[in-house]
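Q: Quick one: this structure, given as structure tokens, is what I'll be asking you about.
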Amino acid sequence: MSAERFRYGPALALCMALALAPFAAEAQFYRCVTKDGRTIYGEVIPAACVGLVVEQLNPQGIVLRRIDPPLTPEQRAARAAEEQKRREEAEAARVQARRDHSLLATYPTIESIDDARGRALRPASANVRDIEAGIEQLRKRKAELDKELASYGKRATPARLTEDLHQVELDLAAQAELLAAKQKDIEAINARYDDEKKRYADLTARRR
């Protein structure tokens, strides 16, 4: 029995050596360069390399990967802010691309943008004309009441006249605010179509 074990022992050792050879060949090392210029090696990451860039090497000295040191809280915050900015810029670019596609699909020519502007302005312009006409009527009514008030001189003014004047003044103030709002609507419409016209011209010029 012992002779048999002796006979097969060398063969078994050889097989085990061959089986373990690939693992030995795959041994890896770590290297870093310290701040004072010294190069440090180790089978595990050396303590002196903590906080530095570490390179993982194969037995032939070829760099397998680079291990960056952990980021500081400030660096993590800066990287997060940079990534957030990139995401926002990418989303803004996607939104602009959709708007550009819609713009080109909506208007066959740049002149058609002015046609659309005219259609959008018509209701707002009509509202402005109606409000201005109403304001003119209120001003005439106020002038009549002011004339009537002046006719009383030093005599007591009737409560009706005072109330009518107060109401006309309130109506004038309300109509003035409404007119200003409608005029802003017209400005916003014009600004929108000016922007669309400029963007359309830029986009079509690129296609030429």
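The values are calculated or read from the model by the stated rules, or taken from the named source; none is laboratory data. Keep in mind it's a predicted model, so treat the numbers as computed, not measured. Cβ: placed from backbone, ideal geometry, glycine included. Neighbour counts: every protein chain shown. Keep in mind that these areas ignore ligands, DNA and RNA; they rest on the heavy atoms of the full protein, side chains included. Shrake-Rupley method; radii C 1.70, N 1.55, O 1.52, S 1.80 Å.
Q: Tell me the accessible surface of ILE67 in square angstrom (1.4 angstrom probe, heavy atoms of protein chains only), to the nearest ten.
A: 40 Å²
Q: May I pose another question? Tally Lys and Arg at +1 and Asp and Glu at -1 over the other residues with C-beta under 14 Å from the C-beta of VAL168: what net charge comes out? Intermediate values should be presented prior to the final figure.
A: Details: positive: ARG139, LYS140, ARG141, LYS142, LYS147, ARG160; negative: GLU136, GLU144, ASP146, GLU148, GLU163, ASP164, GLU169, ASP171.
So the surrounding residues net to -2.
Q: Which of (1) 90, 27, 17; (2) 31, 21, 18; (3) 38, 24, 16 is the computed semi-axes √(5λ) of the Cα gyration tensor in Å for the structure on display?
A: From the options (1) 90, 27, 17; (2) 31, 21, 18; (3) 38, 24, 16, the structure gives (1).
Q: May I ask for the angle, rounded to the nearest 10°, between helix 111-151 and the longest principal axis of the chain, with both axes built from Cα atoms and the value confined to 0 to 90°?
A: The helix 111-151 is inclined about 40 degrees to the chain.
Q: Restricting to Cα pairs below 8 Å that are 6+ residues apart, what does the relative contact order work out to for the chain? Please round to a whole percent.
A: Numbers: 137 pairs, mean separation 30.5, N = 208.
Answer for the chain is 15 percent.
Q: What does the charge dipole of the chain about its Cα centre add up to, to the nearest 20 debye, if the Cβ of each Lys and Arg holds +1 and the Cβ of each Asp and Glu holds -1?
A: Values: 36 positive and 33 negative charges, 90 e Å.
Rounded to the nearest 20 debye, it is 440 debye.
Q: Can I ask one more? Assign one of three labels to region 122-208, namely rounded, prolate or oblate, based on the Cα gyration tensor with a ≥ b ≥ c the square roots of its eigenvalues; rounded applies when a/c is under 1.5, prolate when it is not and a/b is larger than b/c, and oblate otherwise.
A: On the way: a/c = 6.09, a/b = 5.31, b/c = 1.15.
It comes out prolate by the Cα gyration axes.
Q: Tilt of helix 2-25 relative to the longest C-alpha principal axis of the chain, in degrees (0 to 90, nearest 10)?
A: The angle comes out at about 30 degrees.
Q: Can you give the calculated 222 nm mean residue ellipticity of the chain, where each DSSP H run of n ≥ 4 adds -39,500 (n - 2.57) and the sum is split over every residue, rounded to the nearest 500 deg cm²/dmol?
A: Working: 4 runs with 148 residues, N = 208.
Rounded to the nearest 500, it is -26000 deg cm²/dmol.
Q: Ignoring ligands, DNA and RNA, what percent of the 1.4 Å accessible area of the chain is carbon and sulfur?
A: In the chain, the share of accessible area belonging to carbon and sulfur is 57 percent.
Q: Shape of region 60-101 from its Cα gyration tensor (a ≥ b ≥ c, root eigenvalues): rounded if a/c is under 1.5, otherwise prolate when a/b > b/c, or oblate? Write out the running numbers ahead of the final one.
A: Numbers: a/c = 9.99, a/b = 1.98, b/c = 5.04.
The shape class here is oblate.
Q: Shifting gears a bit: Given labels modelled 7 Å from the Cα in the Cβ direction, how far is it in nm from GLU177 to LEU149?
A: Between GLU177 and LEU149, the simple spin-label model gives 2.1 nm.
Q: Sort region 72-146 into rounded, prolate or oblate with this rule: let a ≥ b ≥ c be the square roots of the eigenvalues of the Cα gyration tensor; rounded if a/c is under 1.5, and if a/c is not under 1.5, prolate when a/b is larger than b/c, oblate otherwise. Before the final figure, lay out each step's value.
A: Working: a/c = 9.49, a/b = 1.97, b/c = 4.81.
Oblate.
Q: Still on this structure, please answer the following. Only four residue types carry charge here, +1 at the Cβ of Lys and Arg and -1 at the Cβ of Asp and Glu. Report the dipole size of region 31-78 about the Cα centre in Debye, rounded to the nearest 20.
A: Here region 31-78 has a charge dipole of around 60 debye.
Q: If each residue of separation counts as 0.36 nm, what is the full-extension length gain between ALA120 and PHE29 once their alpha-carbon separation is subtracted?
A: Details: separation 91, 0.36 × 91 = 32.76 nm, distance 7.30 nm.
My answer for the length gained is 25.5 nm.
Q: Near GLU55, within a Cβ-to-Cβ distance under 11 Å, what is the net charge of the other residues, with Lys and Arg +1 and Asp and Glu -1?
A: Details: positive: ARG31, ARG65, ARG66; negative: ASP68.
Around GLU55, the charge tally is +2.
Q: So the label point goes 7 Å from the Cα of ILE40 along Cα→C-beta, right? Which residues of region 52-88 then have their backbone N under 18 Å from it?
A: So the set is 52-57, 66-71.
Q: By how many degrees, between 0 and 90 and to the nearest 10, does the Cα long axis of helix 159-207 differ from the longest principal axis of the chain?
A: The angle comes out at about 40 degrees.
Q: For LYS142, which aspartates and glutamates qualify as cross-link partners when the Cα separation must be under 16 Å and same-chain residues fewer than eight apart are set aside?
A: Within the straight-line cut-off, LYS142 pairs with GLU132, GLU163, ASP164, GLU169, ASP171.
Q: Please calculate how many Å² of accessible area region 87-136 carries per residue, with a 1.4 Å probe and no DNA, RNA or ligand atoms counted. Working shown, then result.
A: Numbers: 3310 Å² over 50 residues.
Ligands and nucleic acids excluded, the result is 66 Å² per residue.
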